[in-house]
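I have placed the structure first, in the form of structure tokens, so that the comments after it can refer back to it.
Since every read-out is calculated from the coordinates, none of them should be taken as a lab result. Since we're looking at a predicted model, the values are computed, not measured. Cβ: placed from backbone, ideal geometry, glycine included. Neighbour counts: every protein chain shown.
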Amino acid sequence: MLRIGVFDSGIGGLTVLRECVRLLPRATFYYLGDNRRAPYGSRPAGEIVSFTREALSFFRKEGVDAAVLACNTATAVCAAQMRGEFSFPVIGTEPAVLPAARAAQRVLVLCTPRTAVSVRLCSLLSRCPDTHFTVFGAPRLAAAVEERMRGGTLSLSDHLPAGNYGAVVLGCTHYAFLKEEISAFYSAPVFDSAAGVARRLFSLLEGDADDEAGIKNHICKVLNKNKSLQKMTQKNIYFVGNDSIFNESVYKRMFIFDI
Ligand code: DGL
């Protein structure tokens with residue numbers, strides 16, 4: 001059975017996890033949210049590298065077949081480096097710039113401050129020279145999403161820039177919880193990356209047309225017997241790490257009825 005680690009700074013990656021579970025319902029998932037150290041988006045790159053390495057080392061001990069960085073910020077800062085350090089495939093999450101550019105000429109890219117200044121985002125945007133992008137690194141929006149899920153309030157106008165845009169890209173997985181609200185705020189379609197990441201994971205593991213391309217049949221590992229992994233919810237998801245109970249409760253609250 002396939003084992004997949006999914007990592008984010010907090011609850012944002014749950015939106016990616018949901019899509020991965022939809023496409024790979026028989027796989028076993030480990031969700032690790034680093035909520036206590038979130039948000040990552042205003043941290044120095046070195047810290048993000050070290051936290052991401054910690055998470056992937058945890059997944060390695062569990063014998064995962066692949067890991068998903070369900071975090072645009074960690075992907076922008078260190079996906080390439082992590083691919084060099086770990087032997088299992090590391091799938092990243094990138095802002096859905098290309099589909100948004102197909103839909104509109106003026107596109108707002110919402111992301112964390114760290115992603116906003118990344119070389120990776122810059123090179124992604126350069127692939128759409130005919131589109132006018134406005135990149136906005138929201139300093140506190142990811143934290144506000146975490147807080148809202150713990151009962152706090154969130155007003156979008158405190159966090160988002162005004163303007164008219166034909167499409168909005170959600171370049172942070174936390175923002176996907178606000179998809180409908182952000183779409184209404186700008187009266188524009190909103191693009192997130194969750195389904196694209198899940199499709200990438202699926203094709204990597206299962207192969208596209210040719211099953212030989214997938215790794216499903218090539219890997220069979222023994223699950224570590226670790227007491228911290230006793231907690232499993234529907235669809236074979238283990239929520240691990242310090243905030244496992246919170247992440248599991250958000251996942252159930254938001255998604256359990258539509259998977
Ligand atoms: N969810 C993360 C992302 O996609 C990071 C949010 C944060 O911790 O700043 O960028």
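Data overview
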| read-out | value |
| --- | --- |
| Segments 84-97, 10-23 sorted - mean Cβ within 10 Å per residue, highest first | 10-23, 84-97 |
| Two-site FRET efficiency, Arg53 against Ser123, from Cβ-Cβ distance with R₀ of 25 Å, rounded to 0.05 | 0.60 |
| All-pairs Cα distance distribution in region 1-116, expressed in whole percent, bin size 5 Å | 2, 12, 22, 23, 19, 12, 7, 3, 1, 0 |
| Cβ charges +1 (Lys, Arg) and -1 (Asp, Glu), total dipole of region 85-149, debye | 200 |
| Rg and Dmax of region 144-202, Cα atoms only, in Å | 12.7, 37 |
| Shape of the chain, Cα gyration tensor, a/c cut at 1.5 | prolate |
